[in-house]
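Scroll down for the structure; my scribbles are underneath it.
The values are calculated or read from the model by the stated rules, or taken from the named source; none is laboratory data. Not measured: the values here are computed from a predicted model. FYI the Cβ positions are ideal-geometry reconstructions off the backbone, even for glycines, and counts take in every protein chain you see. Surface accessibility is based on the protein's heavy atoms, side chains included, excluding ligands, DNA and RNA. Shrake-Rupley method; radii C 1.70, N 1.55, O 1.52, S 1.80 Å.
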Amino acid sequence: MQNPLVSILTPFKNTSKYLTECIDSVINQRYTNWELLIVDDHSTDESYECVLAFAEIDKRIKLLNNSGQGIIEALRLAYSKSKGAYITRMDSDDIMHPDKLGIMLHDLQTHGKQHVSLGLVSYFCEGGIGDGYARYESWLNALTQKGKNYSEIYKECVIPSPCWMMHRDDFNLCGAFSPNRYPEDYDLAFRFYKNKMSCIPSSSVLHHWRDYSTRASRTDEHYAENHFLELKVDYFLELNYDASRPLTIWGAGQKGKKVAQLLQKKQIPFVWICDNPKKIGKHIYDELLYSFEHLKILENPQCIVNVANTKAQLEIKAYFNIQKMLSMIDYFLFC
């Protein structure tokens, strides 16, 4: 098909302030064969009325009401009503580049199935973007430019939730929105990785990502750090853990402690190492902390790194390089 239908799935809740700009950016796409399945997740402001006004004018916009609760059930509903051969997602407070759908669709048609199309993202905020989001944007875009998103998948979510596109058959193969697990975008990225969906490199900024104090990723408990760590540990054990090799945890800060607890709960044995003299030789959760040099006496170890400091991470990577240990095979950055 030269001009296949693209289904855009968009949940919304109390985003009336941003919806007009968002929907305008969809309507203004140069690629015009799309449908917008947009689902009201029990808004209490004027969001529904705003979308209804658009839907009454443009029949490509299909307004739905979430009979359940939350983003996952809203996305499930939208997907169940969609008809497109290609699937993408949009957030109700963001803005599409006018060529977003066309470029992503072209990439998928060029590369074929078993691929996910991506674009670069640009954060914007009325009060300016904080350093954390600026670093995330730079990190994410650097991966996307090379199509190497999975190479650091245990660090943060490597697929921007509102900036991917995939053939419906591939999306179904990955489980679509069937898992009831948050953070849903990170879980989906892991399922793309699990099912070997190749990331198509992109050099174009296709999505403008709005930040503000009340956005769901800042306020919803489903996006708290403990949920991220549980997801990371579960997928690591499923996809990359080799039980025949000794497993180590590097780092005994807050995240390292949480990972240790998760592994203990699952009865996964590990050796705990760090480079903090105040902690070496001590016990945490009945586990003895060794110096990182202990890694040398272990036979063919795997290592989960939970050290957040950027400079320290570079030093740790250099140490692994000397030991001839490879990223995503021998060591995995969890932060």
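Conditions tested, residue by residue: (1) within 23 Å of the chain's Cα centre (by Cα); (2) free of Cβ contacts under 8 Å to residues at least 60 places away in the same chain; (3) farther than 14 Å from residue 249 by Cα.
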{"residue": "287", "(1), (2), (3)": "no, yes, no"}
{"residue": "301", "(1), (2), (3)": "no, yes, no"}
{"residue": "306", "(1), (2), (3)": "yes, yes, no"}
{"residue": "332", "(1), (2), (3)": "yes, no, no"}
{"residue": "335", "(1), (2), (3)": "yes, no, no"}
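Let's see how each residue does on (1) in contact with a strand residue (DSSP E or B) (Cβ under 8 Å, 6 or more places away or on another chain); (2) open to solvent by less than 70 Å² (accessible area, probe 1.4 Å):
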residue	(1), (2)
47	yes, yes
65	yes, no
68	no, yes
72	no, yes
75	yes, yes
78	yes, yes
81	yes, no
84	yes, yes
Here the qualifying pairs (Cβ atoms under 7 Å; residues six or more apart or on different chains; first in segment 60-87 and closer than 18 Å to residue 105 by Cβ; second open to solvent by 40 Å² or more (accessible area, probe 1.4 Å) and assigned to a helix (DSSP H, G or I)) come out as 84/168; 85/168; 86/168; 87/168
Requiring at least 1 residues that are open to solvent by less than 70 Å² (accessible area, probe 1.4 Å) and of a type in the set (S, T, N, Q), the strands (runs of 3 or more DSSP E) wholly within segment 226-325 are 247-250, 287-291, 302-305
Review point. Looking at residue 42, is it within 23 Å of the chain's Cα centre (by Cα) and of a type outside the set (Gly, Ala, Ser)?
Key: no
Going through (1) open to solvent by 10 Å² or more (accessible area, probe 1.4 Å); (2) of a type outside the set (Asp, Glu); (3) touching a residue at least 12 places away in the same chain (Cβ under 8 Å) one by one, residue 6 fails only at (1)
Taking residue 43 as the residue in question, decide whether it is open to solvent by 70 Å² or more (accessible area, probe 1.4 Å) and without any contact (Cβ under 8 Å) to a residue 60 or more places away in the chain. no
Selection from segment 87-102 of residues of a type in the set (A, V, I, L, M, F, W, C) and in contact with a Phe, Trp or Tyr (Cβ under 9 Å, 6 or more places away or on another chain) yields 87, 95, 101
Subset of segment 15-39, residues farther than 12 Å from residue 91 by Cα, open to solvent by 10 Å² or more (accessible area, probe 1.4 Å) and not hydroxyl-bearing (Ser, Thr, Tyr), comes to 17, 24, 27, 28, 30, 33
Those residues of segment 326-335 that are part of a loop (DSSP other than H, G, I, E, B) and crowded, with 19+ Cβ neighbours inside 10 Å come to a total of 2
Heads up, the strands (runs of 3 or more DSSP E) in segment 1-69 (entirely inside) with at least 2 residues that are under 17 Å from residue 165 (Cβ atoms) are 6-12, 34-40
